[in-house]
Every structure is written in structure tokens, then in C-alpha cells.
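For reference, the structure is listed below as C-alpha cells.
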Amino acid sequence: NYGMPEVVVCDNGDGFQSESMARACSDVGIHLLLSPPGYAWERGTIERFNGTLNTELIHLLPGTTRSNIAEKNEYNSKKHAGIKFSTLIKAIHIYIIDDYHQDFHEGIKDYPNEVWTLGAKKYEPRPFPKPEKLPSLMARIERRDLTNRGILFKYLRYNCDELIELFKEYGKIQVEFKFISSDMSKIYVVHPEKHTFIPTPALDQD
């Protein structure tokens, strides 16, 4: 289904405390809350779901590390690992949509998809921004120097006509940009004054 949350509650992992996470939530109007450490019972619902996800999907995939050393036993996770991260994400999406949401849930005494559908009729979900805007909004943040040759990042050089004009106007400055680690074909440079995004391709697309 669809809908953008008003509040997201996370644990205290490094990624959740990062500037990138805070900015991504802020840019789409989501209030980010960090669950206090040492209060695991406040995350009971999601921890229970994580357990179900592990049991019904993750631990059935090649390369699983199991839940603990005893369960793993002699299984060589590195030797059997053979799933790309993008494939794992797709598998999790399929599992949640086609399996988890369609199975009877003992905790709510109903099917999750049915409960969501009824709730969405009563409280209309907030729509996400247009899909074409999501990459620049939800991506990670970095900063690099802008030179007459563009931006060098992770051994790739990024440049475009708009960036060339930016250099002519401001000279060598440090600029902020967003990037998606699974797609390094372009970055999204933030204009220093307008705060708009400049999609900038890698010069070497190979």
C-alpha cells in the first residue's frame, strides 16, 4: 500500500543517528525519534516482526548467519553467501507484501492488509513526494570541493553544465550533495543559495 508516516521511531544505530537520516526525514516532513537505549520493551512490536522475518525468510536464504552461534553450528555463511544486497531488498519487499500482510496475525486477530485498508479509509495516508524527487530527498549526504573539473567522489568525477556555471559564479567552494550508494551513476548537488538539487552524472558511466 502507500502512505508517509508522521513519526519514525528508531533504535540508536549509527545510521539512524546520522545527519543523512535526520535530513531525509526532515525534508519529507517526518518527525524522527530515537528510542532510549536500555528499554527494549518499547520496541517489542518491531522486534517481534524482525524475529518473524528472520524465521520465515532471512534464515532460509543461502549465507544466513542464523540467530546465534549454536544455531549456526558448522554452517559456513561466507562460503554459501550468494545473494546481492539489491536481491535481498526485493525479497524482503515481496515477503512483506505477499506473505506477511496476507497471513492471519494472532496479535491483532486479523489480516494486516485488512486492518491497514480499514484504517486508510478512516485516516487517509499522507502521500509521498513524487517518485522522481525521492532519490535526492532520501539519499545520503556528503561534502566535497567543487573545482573547475567538477566533483571527485569515490574515485569518480562528476560534472555537468550547471555545475560548470556554478564554479564560474562561486569559484572553488565546498558543496553539499546527496548520493545513493547502490547507484553511483549520478549525485545530487545542493545549490549553495537556492538549495535546489542539481542532478550531476558521473563522467565515466562505465
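Quick one: which strands (runs of 3 or more DSSP E) sit completely within the range 133-193 and have at least 2 residues that are touching a strand residue (DSSP E or B) at 6+ places or on another chain (Cβ under 7 Å) and within 20 Å of Ala22 (Cα to Cα)?
Fully inside the range 133-193 and qualifying: 140-146, 173-180, 183-190.
Yes/no per residue for (1) in a loop (DSSP other than H, G, I, E, B); (2) in contact (Cβ under 8 Å) with a residue 40 or more places away in the chain; (3) small (Gly, Ala, Ser):
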| position | (1), (2), (3) |
| --- | --- |
| Asp14 | yes, no, no |
| Met21 | no, no, no |
| Ala24 | no, yes, yes |
| Arg43 | no, no, no |
| Glu47 | no, no, no |
| Gly51 | no, no, yes |
| Thr64 | yes, no, no |
| Ser67 | yes, no, yes |
| Glu71 | no, no, no |
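Tell me, please, whether a residue that is touching a helix residue (DSSP H, G or I) at 6+ places or on another chain (Cβ under 6 Å) and surrounded by 12 or more Cβ atoms within 10 Å (Cβ to Cβ) can be found in the range 78-93.
Within the range 78-93, not a single residue is touching a helix residue (DSSP H, G or I) at 6+ places or on another chain (Cβ under 6 Å) and surrounded by 12 or more Cβ atoms within 10 Å (Cβ to Cβ).
All but one of (1) more than 25 Å from Asp206 (Cα to Cα); (2) open to solvent by 70 Å² or more (accessible area, probe 1.4 Å); (3) without any contact (Cβ under 8 Å) to a residue 60 or more places away in the chain hold for Trp116, so report the exception by its number.
(3)
Under the condition of being under 17 Å from Ile30 (Cβ atoms) and among the hydroxyl-bearing types (Ser, Thr, Tyr), which residue from the range 119-160 is surrounded by the fewest Cβ atoms within 10 Å (Cβ to Cβ)?
Tyr123
Within the range 177-204, can you find the residues that are among the basic types (Lys, Arg) and either under 22 Å from the mean Cα position of the chain (by Cα) or closer than 13 Å to Arg143 by Cβ (or both)?
Selection gives Lys178, Lys186.
Give the range 27-53 a look and list any residue that's open to solvent by 90 Å² or more (accessible area, probe 1.4 Å) and in contact with a strand residue (DSSP E or B) (Cβ under 6 Å, 6 or more places away or on another chain), or say none.
The one that is open to solvent by 90 Å² or more (accessible area, probe 1.4 Å) and in contact with a strand residue (DSSP E or B) (Cβ under 6 Å, 6 or more places away or on another chain): His31.
Give me the pairs, please: first residue somewhere in the range 79-96 and over 17 Å from Asp183 (Cβ atoms) and assigned to a loop (DSSP other than H, G, I, E, B), second residue anywhere and of a type in the set (A, V, I, L, M, F, W, C) and open to solvent by less than 70 Å² (accessible area, probe 1.4 Å), beta-carbon distance under 7 Å, and either six or more positions apart or on two chains.
Close Cβ pairs satisfying both conditions: Ile83/Leu61.
Residue under question is Ile173, and the condition is that it be open to solvent by less than 90 Å² (accessible area, probe 1.4 Å), in contact (Cβ under 8 Å) with a residue 40 or more places away in the chain and among the hydrophobic types (A, V, I, L, M, F, W, C); does it hold?
Answer is no for this residue.
The values are calculated or read from the model by the stated rules, or taken from the named source; none is laboratory data. Note that the coordinates shown come from a computational prediction; the quantities given were computed from them, not determined experimentally. Here the Cβ is made from the backbone with ideal geometry for all residues, glycine too, and neighbour counts use every protein chain on show. Just so you know, the surface numbers come from the protein's heavy atoms only, side chains and all, with ligands and any DNA or RNA stripped out. Shrake-Rupley method; radii C 1.70, N 1.55, O 1.52, S 1.80 Å.
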